[in-house]
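As structure tokens, the structure follows; a few thoughts come after it.
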């Protein structure tokens, strides 16, 4: 079972000092979470909607599921989890919580609507681009 943990230094915090580890449950202890998806120049952060939380959401999902998450997926995860974690405290997240969220996100009709709208917007933009050529 994987456990993700975000911690702040004892002397206060800034976006560049957030630390995120993952314990893979293999007896080797926690390791730094690899940064994936280059949204933030300063690294991981949480507690608001921004590039640091987007990088964190993308990195957690990529690590948990082994594939690059779609933008719609990690943005939804950021909004539902990462942005809601208090900025001035650490947090902990299990892989079970991630799997439960992913199942809900993939099957909930209300969660599907924004993805359909995003695809429709993309198709509309491509259609307009083709018609102006």
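Structure data summary
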{"item": "Subset of the stretch 92-108 (residues that are surrounded by 11 or more Cβ atoms within 10 Å (Cβ to Cβ) and either more than 16 Å from residue 58 (Cα to Cα) or in contact with a strand residue (DSSP E or B) (Cβ under 6 Å, 6 or more places away or on another chain) (or both))", "result": "92, 93, 94, 96, 100, 104, 106"}
{"item": "Residue match in the stretch 73-85 (condition: at pLDDT 90 or above and in a loop (DSSP other than H, G, I, E, B))", "result": "yes"}
{"item": "Breaking point among (1) at pLDDT 90 or above; (2) touching a strand residue (DSSP E or B) at 6+ places or on another chain (Cβ under 7 Å), for residue 45", "result": "(2)"}
{"item": "Qualifying residue in the stretch 32-52 (condition: closer than 22 Å to residue 107 by Cβ and outside any loop (DSSP other than H, G, I, E, B))", "result": "no"}
{"item": "Conditions (1) closer than 21 Å to residue 37 by Cβ; (2) out of contact with any helix residue (DSSP H, G or I) (no Cβ under 9 Å at 6 or more places or on another chain); (3) at pLDDT below 70: number failed by residue 123", "result": "(1)"}
{"item": "The stretch 55-69 - residue that is in contact with a helix residue (DSSP H, G or I) (Cβ under 8 Å, 6 or more places away or on another chain) and either part of a loop (DSSP other than H, G, I, E, B) or at pLDDT below 90 (or both) and, of those, surrounded by the fewest Cβ atoms within 10 Å (Cβ to Cβ)", "result": "68"}
{"item": "Test result for residue 37, surrounded by 12 or more Cβ atoms within 10 Å (Cβ to Cβ) and either modelled with pLDDT of 85 or more or within 16 Å of the chain's Cα centre (by Cα) (or both)", "result": "yes"}
{"item": "Residue that is nearest to residue 79 (Cα to Cα) [pool: residues in the stretch 2-24 that are at pLDDT 90 or above and in a loop (DSSP other than H, G, I, E, B)]", "result": "2"}
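The values are calculated or read from the model by the stated rules, or taken from the named source; none is laboratory data. The shown structure was predicted, so the numbers you read here are calculated from the model rather than taken from an experiment. Backbone-built Cβ (ideal geometry, glycine too); neighbour counts: all protein chains shown.
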